[in-house]
Amino acid sequence: MTPRITLVVLAYRQAPFIDAAVHSALAQQCEPIEIVLSDDASPDTTYEQMRAIADAYHGPHTVVVRRNDRNLGIGAHFNEVVRAARGELIVLMAGDDLSLPERVAKVAQAWDASQQRLDLIASHLVDMSHDGVDVGELHVDDLAQWRSVDDWARRRPYVVGAAMAFTRRLFDRFGPLHPDVSYEDQVNLLRALYSGGGCTIDAALVRYRQGGVSDRLRHFSAEQFMARARRINTAHLALHAQWLTDARAAGHEAVVAASIRRDDRRERYLRGLLDAPNLAGRWRALREHADVDVGWRIRRLVYFSMPRLAARIRALQAASKALRHGQVR
């Protein structure tokens, strides 16, 4: 029989954490499911570790281990995994997170309670430090309060993709993600509002590992900082393009376009700064993007003209935010 639910573990360069993540997937106390362990061509031993654990497993779930021939990035990796999955409901987790044993059962219960009408199911998360210490809970928004794209346009809900499940029919209706998309949760959320809607389970079902970004930023070179800024900008532009493509298919392009107009203009200005070869080019980008607030444009011009200093400022901001949220002890 084909399992109706697939639990996917998306992994890349997560050798220190992947064993615990896989064991948490295999430990799901639920109906027999398909578990897909997928590695995005990691240069470390992530794939080999997944393979070894799967080979030793003799439980009720069906385990599939796969690996991309080359590194695809989040969006393209997501597409390949969804194509490989056989379940009608797909539950996602990252290779450095942990799913609680009851996670899939509770997700299935919520889906069945809606008579399988819902297309997206989220939950809260246990906030876990980089070294595995639980420091509290992360509460996401109640998606049942968002019933339409107009609700989304007024205020976008806070969600975390690491604690999400979505239906295969949602992917089949709208198709694969643009390869540069890194925020698949934001895409799936809006797609669900065009379709069967979503809900949030009022329980923390995933232990979500924080990434230690502030420490990395503090030690970035100017080149590393600019490369990171370009990756983020590329992901944001791809997300906007995906939102508009899906909105066009669903007949809601005008609402979505109006909602993201300011953010999209800002990202296009940032791309102009990132592509500029020198200060003169950045000043030219500042003048050409007069549809963006002038104060915001000037601050970002200064920011990208002194990237090493900007990295240090961002690191301090990230550390301050973590401290306020209890993520630093």
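Every number in this text was worked out from the coordinates using simple rules, so none of it is lab data. Values in this document were obtained by computation on a predicted structure and should not be read as measured data. With ideal geometry, Cβ positions are generated from the backbone for all residues, glycine too; neighbour counts draw on all protein chains shown.
Some notes on this structure:
- Relative contact order %, segment 5-211, counting alpha carbon pairs below 8 Å whose residues are six or more apart: 27
- Simple spin-label estimate for VAL255 and HIS139 gives 2.7 nm between the two label positions (7 Å along the Cα-to-Cβ direction from each Cα).
- Ranked by how many other beta carbons lie within 10 Å on average, peptides 9-20, 278-289 from highest: 9-20, 278-289
- Shown for ASP96, ASP246: other C-beta atoms within 10 Å of each C-beta, ranked fewest to most, produce the order ASP246, ASP96.
- Within-12-Å neighbourhood charge of LEU205 [Cβ basis; K, R +1; D, E -1]: -1
- Placing unit charges on each Cβ (+1 for Lys and Arg, -1 for Asp and Glu) gives the chain a dipole about its Cα centre, and among ILE298, ALA258, PRO157 the Cα reaching farthest toward its positive end belongs to ILE298.
- Residues GLU137, GLU253, sorted so that the one with the fewest Cβ neighbours within 10 Å comes first: GLU137, GLU253
- Gap separating the Cα centres of segment 1-71 and segment 153-192, nearest whole Å: 22
- Loop-located GluC sites (Glu not before Pro) across segment 76-116 with a Cβ neighbour count of 12 or fewer within 10 Å are lacking, with loop assigned by DSSP.
- From the coordinates shown, semi-axes √(5λ) of the Cα gyration tensor in Å corresponds to which of [x] 34, 25, 19; [y] 31, 23, 18; [z] 28, 25, 19: [x]
- If only the Cβ of Lys and Arg carry +1 and only the Cβ of Asp and Glu carry -1, the dipole of segment 83-146 around its Cα centre is close to 440 debye.
- Share antiparallel - DSSP beta bridges, the chain, percent rounded to 5: 30
- Between the listed residues HIS178, VAL126, GLN28, the Cα displaced farthest toward the positive end of the dipole of the chain, a dipole computed from Cβ unit charges relative to the Cα centre, is found at HIS178.
- Over all other residues within a Cβ to Cβ distance under 12 Å of LEU138, the charged ones net out to -3, with Lys and Arg as +1 and Asp and Glu as -1.
- Radius 15 Å from Cβ of ARG169, net charge of other residues (Lys, Arg +1; Asp, Glu -1): +3
- Rounded to the nearest 20 debye, dipole of the chain from Cβ charges on Lys, Arg, Asp, Glu: 1520
- The chain: most fluctuating residue of ASP69, ASP119, ASP202 per GNM, C-alpha cutoff 10 Å: ASP69
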